[in-house]
Amino acid sequence: MSKRVLAVDDSKTMRDMVAFTLKREGFDVVEAEDGVAAIEASTTGDYDLVISDVNMPRMDGITLVGKLRENPKFRATPILILTTEADQSKKAAGKAAGATGWIVKPFDPDQLVNVVRRVCR
Amino acid sequence: MNELEQFKQTFFEECDELLQRFEEVAVTLVAGANDAEVLDDIFRTVHSIKAGAGAFKFQRLATYCHEFENYMDLVRGGKLQLVEGDPDLVVQAGDILQDLVNAARVGVEAEAALEDDILEILRNKTGAPQSQGGSDDTAEVSAVTTSGFSIKFRPHRAMYETANEPQLLLHALASLGEMTVSTDLQALPDLIKLDPLEGYLAWSIELRGEGIAEDSVREVFEFVDGDCDLEISALDAGVDEADSAPVESQAAEIEPAIVPGNAPAADAKTVAAATQSTSIRVDLERIDRLVDMVGELVIAQAMALDSLSELVDIRHVNQLQALEDLTMRTRQLQEGVMAVRMQPLKALFSRFPRVVRDLSKKLEKNVRLELEGEATEVDKTIIEELSDPLTHMIRNCMDHGLETPVERTESGKPEQGVVKLSAEHRNGRILIRVADDGRGLSLTKVRQKAIDNGLIDESAELSKEEIEALIFMPGFSTASEISDVSGRGVGMDVVRRNIQKLGGRVTVESDEGKGSTFTLALPLTLAVLDGMLISVAGERFVVPLSTIVETVCPDPSAIRQLPDGGSVMSIRGETIRLIDVCGAMSIDRSGQPEPLRKLAVIVETEFGRRIGLVVDELLGQQQVVIKSLEANYRNIPGVAGTAILGDGRVRLILDIDGLSSMDVPRHDAGLQTKSPSDTNRVASGGQSV
C-alpha cells in the first residue's frame, strides 16, 4: 500500500510539482485547491501526510492545520506547511496550530523529499 | 531541474490567469475598493507567481515578486496604509510583473532596470534595505566540522502532538553518518500510570563521520525546536581513537530503526553474548540416558524407603527425616532432568499461521488463527509427534467447522472465522485445544452417518457426548466426502490413534451453530507413565492411567457368557467384552483366595473400542519409569513394557490394545462371584470420554 498524500495549494503549478515529485517516490497524491476543498477531501479519505500552502482563498493553511488536528483521524498525521519565505511568524503560527513542519518555497524535488522523509516514512 | 520543465507550461498558464485576475482586482482597488478581500487577492497572486518563479529559478522574477509580496503583505495586514497614489503603484507594479513573466516565458532577459524604479519605491515603503538583491536566502552552511556529535534528545509531549516521530528523526540523523543510539527508559512509568500521549523516552545519540556540519544536525531537529530537550555537542577528538575498536563498530551497525521504543542499543551486545552462553546442544541420547539413570535412582530410593519403613520407629526419627529429605531431593532431581527434555510449543505452533493462511485462500474463507500458551513446555518427543494430528485438526476445523463468509454473515456471525489453538498445563498433563467458532457438530447428522456406516444400531440411545465421540470411530469418515483439504483418507480416528500412542486422549465438545472444541490431553513426557496398580491373584500389574475410562463393580446378572468361552457385560446399553487378566497372563490361581467381588476396569483401546479388564483389586495410582521389555528380554503379547516399583520388583505394564486382540484362554473364574448387588461404579480412573 503506498502512502497517500493530500497536497493542498491554490496554485496548480505547485500542486503538480508536489504531486510529480512525491508520486515518483511512491506516494499516492490527492490534490485540493484550498483549505475548504482539503477539509472535504479529509472527510472522505484517509491520508498519511498533508502538505498545505499557507495563503489560499476560502480557507488558509494555518486554519486548515488547526481544523485537521481537531479531527481524531488526523491527530497523528504529519502535516507540512509550505511557506514562501523563511518567515518565522508563519512557521510559528503553523506549529502553534499543530503543523509538524514546513517546507520553504521555492524548493527543488530533493529538498521536498528530504523534508517529507523526516516526518513520514 | 530538467524534470520540472514539464511544469513550466502549467506555470505560465497559471500566471496568465493570475495576472488577468490581478488586473480585474487592481482596477477595483483604484476605484476605491480596498477591502481585505481585494488586498488578499492581490497578495496571493504575487505570492503564487513567486513560488513558481523560485521553483523554476527565474531569479529576477522571484526577487521582484518577493518585494512586491512584502509590500502587499504589510498593506493587507494593515501595517501600511494605502495613501494617495498607492493603488496606481499597485497597478504599475502589476504591469512590470506581467513584463517579467513574459520575459521568463520566452527566455529572454527583460529590459535592464525595468523593475528598479518600482522596487525602490516598494522598498522605501516597506523599509527593506535598498541593496538587498535576492530573497532572504541567508542560511549559511557552517564550515565547522568535527569527528561527530553527541546528541541528547528528549521529546516533550508537544512534539508528539504535532505528529513528529522520533524514529524518523533518528533515521534522518543516521543518514548523516555512523550512529549509535541508546534509549533512556528511566522516565517510563508503570503501565498503570502511563499516559499514552506523554513523551517518556529519551535518546543519547553518538553520530560519527567526517565533515558532518552542525547545521545539518540541527536541521534534522528544525521542526521540533522548542518541543524537546536537545543538546548537541561536538565529540572530543580524543574519543576518535575508540572509533576503531571492534566493539564500537559493531554497536554502530545496529539498525537504528529498531532502537526507539525498544531496549537500548547497548543491550544488543549483552543479548548477543547471553545467547551464546545460555544454550548448548546436547545429543538427545545423552539426556535420555540421564533420564534413565535418574529413573533408577528413584526406584532405588523408593526401595530403600520401603525396606526401611518397616524398621523405623520413633527412636529413628532423625533417620526418617533424612530419608524424607532424600525422597524430596530425588523427586526434584527427576523433575529437573525431565525438564531438560521439555521444549516450548512455540516452535510447533509457529507453523500453523502459514497453514491457516494458505488454506483460507484455498477454501476462500476468511480465517483468523489465535495462538495461546505457546510457552507451554512439552517433552520433545511429544512435540514432534503432535505436528501431524494438530495440522489435521486445524484443517478439519477450517474445512468442515467454519462456514463460508456468506453463511457466516447470514447466521449473524462476523465474516471472519476464528480458529484458536491453545495449550496449558493441568494436573500434570498438557491440554491442547483446537477450537473454532463455526457451525459445530450436528448431532442428528453425526448419528445418521454412524448408522449409515454401520457403526451404531439405529435403536442405540446415545448421549450428546457419545454421539460427538462417534467422529473418532474408525470408518466414520468415508471416502465419499473426503475433500482435498482435510480428507486425504485420514479421519479423526487416525488423529485419535496418534494421540493415544503418546499416552494421550482426544475429546470433542461441540455446540451446534456455535463451534467445536477438540481437546488433546497428553502426558508431559513419554519416559514416565501414570499408572494404575492392580492386583490379580496376588500378582501386580500396571494399567496405563490414560486408557482407563472407569472402574465398575458389575452385577453378575449384567454378565453373559459367550459360546466361545469369553464373556461380555452390558453397561448402560453398551456391550463390553471382558478380559480376565488372570487368564490372559496365565496366572495360576490355585492357592490364591478369590476376592469377594471382582472389579472390571473399563479401558479404551487406541481404536476407541472399550474392553473390561477383570481384576481383583485396585492398589492405587503411581508414576512409573517405563523400561522396555523387548530391549531387555523379548516381546510378550499383552505387555507393553515393564516398570520397577518401590518394592524392587518388576511389574508388567499391560498393553491394552494387545490384550483386546488376544485370544484369551477360556476361563470361568471371571466375574461369576457371589456379588449380590447391582452394578456399582466404584472409581473412575482416567478421564471420561
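The values are calculated or read from the model by the stated rules, or taken from the named source; none is laboratory data. The structure displayed is predicted, hence computed values, not measured ones. Counting neighbours? That spans all protein chains shown, and the Cβs are built from the backbone with ideal geometry, glycine included.
Answer yes or no as to whether B:Ser387 is in contact (Cβ under 8 Å) with a residue 12 or more places away in the chain, among the small types (Gly, Ala, Ser) and farther than 21 Å from B:Ile430 by Cα. If you could, list the steps in order and put the result at the bottom.
Working: in contact (Cβ under 8 Å) with a residue 12 or more places away in the chain: yes; among the small types (Gly, Ala, Ser): yes; farther than 21 Å from B:Ile430 by Cα: no.
No: the conditions fail for B:Ser387.
Name the strands (runs of 3 or more DSSP E) wholly inside the stretch B:355-468 in which the number of residues that are aliphatic (A, V, I, L, M) and outside the structural domain of B:Gln623 (by TED's automatic domain parsing) is 3 or more.
Qualifying strands (runs of 3 or more DSSP E): B:367-372, B:417-426, B:429-436.
Name the residue, out of B:Val490, B:Val543, B:Val506, B:Val549, that is β-branched (Val, Ile, Thr) and modelled with pLDDT under 85. Before the answer, list the steps.
Values: B:Val543 fails: modelled with pLDDT under 85; B:Val506 fails: modelled with pLDDT under 85; B:Val549 fails: modelled with pLDDT under 85.
Checking each option against the conditions leaves just B:Val490.
Determine which member of the set A:Arg69, A:Arg58, A:Arg24, A:Arg117 is touching a residue at least 40 places away in the same chain (Cβ under 8 Å) and surrounded by fewer than 21 Cβ atoms within 10 Å (Cβ to Cβ). Talk me through it step by step, then tell me what you get.
On the way: A:Arg69 fails: touching a residue at least 40 places away in the same chain (Cβ under 8 Å); A:Arg58 fails: touching a residue at least 40 places away in the same chain (Cβ under 8 Å); A:Arg117 fails: touching a residue at least 40 places away in the same chain (Cβ under 8 Å).
One residue alone meets the criteria, A:Arg24.
Taking A:Pro106, is it free of Cβ contacts under 8 Å to residues at least 60 places away in the same chain, within 11 Å of chain B (Cβ to nearest Cβ), within 22 Å of A:Lys3 (Cα to Cα) and crowded, with 20+ Cβ neighbours inside 10 Å?
Considered against the rule, which asks whether it is free of Cβ contacts under 8 Å to residues at least 60 places away in the same chain, within 11 Å of chain B (Cβ to nearest Cβ), within 22 Å of A:Lys3 (Cα to Cα) and crowded, with 20+ Cβ neighbours inside 10 Å, A:Pro106 comes out as no.
Filter the stretch A:1-14 for residues that are over 10 Å from the mean Cα position of the chain (by Cα) and within 20 Å of B:Glu13 (Cα to Cα) and give the result.
Residues satisfying the conditions are A:Asp10, A:Ser11, A:Lys12, A:Thr13, A:Met14.
Looking at (1) surrounded by 15 or more Cβ atoms within 10 Å (Cβ to Cβ); (2) under 21 Å from B:Ile499 (Cβ atoms); (3) among the hydrophobic types (A, V, I, L, M, F, W, C), can you tell me which one B:Val367 breaks?
(2)
Only one of (1) within 14 Å of chain A (Cβ to nearest Cβ); (2) in contact (Cβ under 8 Å) with a residue 12 or more places away in the chain is not met by B:Glu5, so which one is it?
(2)
So, in the stretch B:154-188, exactly how many residues are crowded, with 19+ Cβ neighbours inside 10 Å and in a loop (DSSP other than H, G, I, E, B)?
The total comes to 6.
Could you please find all residues in the stretch B:590-620 being touching a Gly at 6+ places or on another chain (Cβ under 7 Å) and of a type in the set (S, T, N, Q)?
If the condition is that a residue be touching a Gly at 6+ places or on another chain (Cβ under 7 Å) and of a type in the set (S, T, N, Q), then B:Gln592 is the only one that fits.
I'm trying to understand the selection: among the residues of the stretch A:109-119, which are of a type in the set (Val, Ile, Thr) and within 7 Å of chain B (Cβ to nearest Cβ)?
Step one: filter the stretch A:109-119 for residues of a type in the set (Val, Ile, Thr), giving A:113, A:115-116, A:119.
The one that is of a type in the set (Val, Ile, Thr) and within 7 Å of chain B (Cβ to nearest Cβ): A:Val119.
Failed condition for B:Glu415, given (1) within 28 Å of B:Met342 (Cα to Cα); (2) in contact with a Pro (Cβ under 6 Å, 6 or more places away or on another chain), with all others met?
Every condition holds for B:Glu415 apart from (1).
This table checks each residue for (1) closer than 19 Å to B:Ile121 by Cα; (2) at pLDDT below 80; (3) at the interface with another protein chain (Cβ under 10 Å from one of its Cβ atoms); (4) touching a Lys or Arg at 6+ places or on another chain (Cβ under 7 Å).
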{"residue": "B:Asp16", "(1), (2), (3), (4)": "no, no, no, no"}
{"residue": "B:Gly32", "(1), (2), (3), (4)": "no, yes, no, no"}
{"residue": "B:Glu37", "(1), (2), (3), (4)": "no, no, yes, no"}
{"residue": "B:Phe43", "(1), (2), (3), (4)": "yes, no, yes, yes"}
{"residue": "B:Ala53", "(1), (2), (3), (4)": "no, no, yes, no"}
{"residue": "B:Leu61", "(1), (2), (3), (4)": "yes, no, no, no"}
{"residue": "B:Met72", "(1), (2), (3), (4)": "yes, no, no, no"}
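Kindly provide the set of residues from the stretch B:556-602 that are among the charged types (D, E, K, R) and in contact with a strand residue (DSSP E or B) (Cβ under 8 Å, 6 or more places away or on another chain), ordered by number.
Those that are among the charged types (D, E, K, R) and in contact with a strand residue (DSSP E or B) (Cβ under 8 Å, 6 or more places away or on another chain): B:Arg560, B:Glu574, B:Arg577, B:Asp580, B:Arg597, B:Lys598.
Given the criteria among the charged types (D, E, K, R) and either in contact with an Asp or Glu (Cβ under 9 Å, 6 or more places away or on another chain) or more than 11 Å from chain A (Cβ to nearest Cβ) (or both), does B:Glu24 qualify?
Yes: the conditions hold for B:Glu24.
Can you tell me which residue among B:Val108, B:Val46, B:Val101, B:Val83 is assigned to a loop (DSSP other than H, G, I, E, B) and either within 30 Å of A:Asp110 (Cβ to Cβ) or of a type in the set (D, E, K, R) (or both)?
B:Val108
So, restricting to helices (runs of 4 or more DSSP H) that lie completely within the stretch A:1-94, which ones have at least 3 residues that are within 12 Å of chain B (Cβ to nearest Cβ) and touching a Leu at 6+ places or on another chain (Cβ under 8 Å)?
It comes to A:12-24.
Between residues in the stretch B:8-20 that are farther than 14 Å from B:Ala51 by Cβ and residues that are among the hydrophobic types (A, V, I, L, M, F, W, C) and not in a helix (DSSP H, G or I), which pairs lie under 9 Å by C-beta distance while being six or more apart or on different chains?
That search, which allows pairs on different chains as well, returns nothing.
When you check B:Ile254 against the structure, is it surrounded by 15 or more Cβ atoms within 10 Å (Cβ to Cβ) and modelled with pLDDT under 85, yes or no?
So B:Ile254 passes the test.
If A:Gly98 meets every condition in (1) more than 7 Å from chain B (Cβ to nearest Cβ); (2) at pLDDT 85 or above; (3) touching a Ser or Thr at 6+ places or on another chain (Cβ under 7 Å) apart from one, which number is that one?
Of (1) more than 7 Å from chain B (Cβ to nearest Cβ); (2) at pLDDT 85 or above; (3) touching a Ser or Thr at 6+ places or on another chain (Cβ under 7 Å), only one is false for A:Gly98: (1).
Go through the stretch B:189-214 and report how many residues are away from chain A (no Cβ under 14 Å), out of contact with any strand residue (DSSP E or B) (no Cβ under 8 Å at 6 or more places or on another chain) and either surrounded by 15 or more Cβ atoms within 10 Å (Cβ to Cβ) or of a type outside the set (Val, Ile, Thr) (or both).
8
Condition first: in contact with a strand residue (DSSP E or B) (Cβ under 8 Å, 6 or more places away or on another chain) and over 27 Å from B:Gly52 (Cα atoms). Now tell me which residues in the stretch A:44-73 satisfy that.
A:Gly45, A:Asp46, A:Arg69
What are the residues in the stretch B:335-354 that are more than 16 Å from the chain's Cα centre (by Cα), part of a helix (DSSP H, G or I) and free of Cβ contacts under 8 Å to residues at least 60 places away in the same chain, if any?
Matches in the stretch B:335-354: B:Glu335, B:Gly336, B:Val337, B:Ala339, B:Val340.
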